Each structure stands twice: as C-alpha cells, then as structure tokens.
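Take a look at the structure below.
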Amino acid sequence: MMQFIQNNWPLFLVMIASGGMLLWPLVGRRFSSVSEVGALRATQLINRQNAVMLDLRESKDYDGGHVPNAVHIPLSQLAGRASELAKFTSRPLIAYCDRGNQSRGAGSALSKLGFAEVYTLQGGVRAWAAAGLPVAKNA
C-alpha cells in the first residue's frame, strides 16, 4: 500500500483534495452562525418575530417577483449599502436569492454587520412561490 502511494502520490493528492471539497459544505454549515429555513419557518419568523426579508437579487429579478415587503439590496451592492440595514439589527433577518445559493455566502457578511439572527431561505424565492406563498411584482 505504501509503495502504491509513493508511486501515485499526485493521484492520491487529487483524491484527498476532492474528498475534502465534497465534505467542506457539510462541515462549513455546522460551524456557521447562519441557519437555513424553509418557507414555513420563514413565515413563522415573519409573523411571530417581525423578521426582515432581504432580497439579494438584481433589480430585474426583484421586479419580476419578490416576497412582499422585502428589503431589496442586490448582493453586488451589499457592502456599499450595509448601513441601510442598521435599523433592522434587533430583528431576525432572512436573506434570499433565486434558489438559495448566493444568499448562503452573504449570511456571514450579514452576521458581521451585527445581526444576531441571520437565516437564509432554503430554495430561495422559487421555493417560496412553490409553497404557494404570495409573490409581489413591480409594475
């Protein structure tokens, strides 16, 4: 076995690296201060704790359909417009995008802004609409 590893060390390194890359998302979620919530839990947070919904999509996507009363700050502008969120830091914040992929990355940045409770909407606005929840559109 040791001879095999010595003769094929580049292949062995690729195997270790790819295995680590597959496991990293699972490990990262365990230690993250950001939790994912589904549409049902999100509505509970909105109704019971006055949670703020933050739409991180670009304007054309937001205009096409968004969670009613959502605050809209595109992810590309989040760093420059973070001060607009300061008045909401005492409330839970649920960030969302189209499918939930981009909002996960923004979650840690939002935690650093002072939000004690940061969530991401699992499946994004698509999952919200698929659950039969209301979607507002800009004219």
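Miscellaneous remarks
- In segment 86-105, residue farthest from the chain's Cα centre (by Cα) [restricted to those that are assigned to a helix (DSSP H, G or I) and more than 12 Å from D55 (Cα to Cα)]: K87
- Scan of segment 32-70 for residues that are farther than 21 Å from E117 by Cβ, charged (D, E, K, R) and not in a helix (DSSP H, G or I), ordered by number: R57, E58
- Number of the exception - S108 against (1) hydroxyl-bearing (S, T, Y); (2) under 21 Å from E36 (Cβ atoms); (3) more than 13 Å from the chain's Cα centre (by Cα): (3)
- Top-ranked residue of segment 24-51 - restricted to ones that are basic (K, R) and farther than 12 Å from R104 by Cβ, ranked as modelled with the lowest pLDDT: R30
- Filtered by the rule that a residue be surrounded by fewer than 18 Cβ atoms within 10 Å (Cβ to Cβ) and without any contact (Cβ under 8 Å) to a residue 40 or more places away in the chain, segment 94-116 gives R99, N101, G105, A109, K112, L113, G114, A116.
- Residue match in segment 71-81 (condition: open to solvent by less than 50 Å² (accessible area, probe 1.4 Å), in a loop (DSSP other than H, G, I, E, B), at pLDDT 95 or above and under 18 Å from V34 (Cβ atoms)): yes
- Looking only at residues in segment 82-93 that are under 19 Å from S59 (Cβ atoms) and surrounded by fewer than 16 Cβ atoms within 10 Å (Cβ to Cβ), the one that is modelled with the lowest pLDDT is A82.
The values are calculated or read from the model by the stated rules, or taken from the named source; none is laboratory data. Because the structure is a prediction, the values reported are computed rather than measured. Ideal geometry is used to build each Cβ from the backbone, glycine not excepted, and the neighbour counts take in all protein chains shown. SASA here: full protein model, heavy atoms, side chains in, ligands and nucleic acids out. Shrake-Rupley method; radii C 1.70, N 1.55, O 1.52, S 1.80 Å.
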